[in-house]
Structures are given as C-alpha cells and as structure tokens.
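Student: Just dropping this structure here.
The values are calculated or read from the model by the stated rules, or taken from the named source; none is laboratory data. Predicted model, so just to flag it, every value in this text is computed and none were measured. Cβ placement follows ideal geometry from the backbone for every residue including glycine, while neighbour counts extend to all protein chains displayed.
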C-alpha cells in the first residue's frame, strides 16, 4: 500500500485497537456531520469555523503533531444517507492534507471503512 493517500478498506482490515472516527451521525453524512465528527475526534479549537477551509487548516494542525507515519480511520454506516458532494469534497480535502504532509516528508494515510468490501481489499 502506498505511503500516503486516502483508501477504502473493509471493516475487518482495521487494526484491532485503532481509533475510528464515525463521519455520520443519526444515519446522515453531510458536511455538518463531518465537521462535528472531526471537532470531537481531533479536538479542534473553539474558534473552528465549520467550513471546508477551517477544516483543512485544523486537520493540518492536528496531523502536524502526529508521527512521521500516521494512519487515521473513518467510518460510515452502510445505511446512512450520504450527501455525495459533501463526501467527495471531504475526500479531496483528505488528499490535499496528504499532499501537504508529503511535502514535509511525512506520510499520512486516511482509511474510509466500507461495509461493501470484504476481506482486506482496498480501492
């Protein structure tokens, strides 16, 4: 698997004690649930602006404090109603964070846990 990037993996491929950030809340995944999940998981500051630019900045701050090789896991319940554009924007934001970290000689991998995959396959 590449040293940086955003990947889709099966639930049984997640390491046993890895923390997982659920992106959906109450059966819904949209930008507000993504923002709220990230605020909780990464302890974003009180002044977090609840927009994509602020998400990028705060996520960069969070991963900058991480080890040189970092894996972060996100989950989405298989029956959640997903706002596709918000999910695609988030996916691109994660890729942008990876690219930024690579320029700093740090490796970060984001994993989206998918109920549709079986085994340890990844996309």
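Student: Among the residues that make up the stretch 35-46, is at least one of them touching a helix residue (DSSP H, G or I) at 6+ places or on another chain (Cβ under 7 Å), in a loop (DSSP other than H, G, I, E, B) and either surrounded by 14 or more Cβ atoms within 10 Å (Cβ to Cβ) or modelled with pLDDT under 95 (or both)?
Tutor: yes
Student: Within the bounds of the stretch 50-71, is there any residue that is in a loop (DSSP other than H, G, I, E, B) and either farther than 23 Å from residue 3 by Cβ or modelled with pLDDT of 95 or more (or both)? Write out each step before concluding.
Tutor: Narrowing the stretch 50-71 to residues in a loop (DSSP other than H, G, I, E, B): 50-51, 65-68.
Retained after the next criterion (residues that are either farther than 23 Å from residue 3 by Cβ or modelled with pLDDT of 95 or more (or both)): 50-51.
The answer is yes, given that some residue of the stretch 50-71 is in a loop (DSSP other than H, G, I, E, B) and either farther than 23 Å from residue 3 by Cβ or modelled with pLDDT of 95 or more (or both).
Student: Another question, then. Please go through the stretch 32-48 and pick out each residue that is farther than 15 Å from residue 59 by Cα and touching a residue at least 12 places away in the same chain (Cβ under 8 Å). Step through it out loud before you land on a result.
Tutor: Let us first name the residues in the stretch 32-48 that are farther than 15 Å from residue 59 by Cα, namely 32-33.
Once the filter is applied, which keeps residues that are farther than 15 Å from residue 59 by Cα and touching a residue at least 12 places away in the same chain (Cβ under 8 Å), the stretch 32-48 yields only 32.
Student: Which of the residues that make up the stretch 72-112 are surrounded by 18 or more Cβ atoms within 10 Å (Cβ to Cβ), more than 16 Å from residue 34 (Cα to Cα) and under 14 Å from the mean Cα position of the chain (by Cα)?
Tutor: Selection gives 98, 108, 109.
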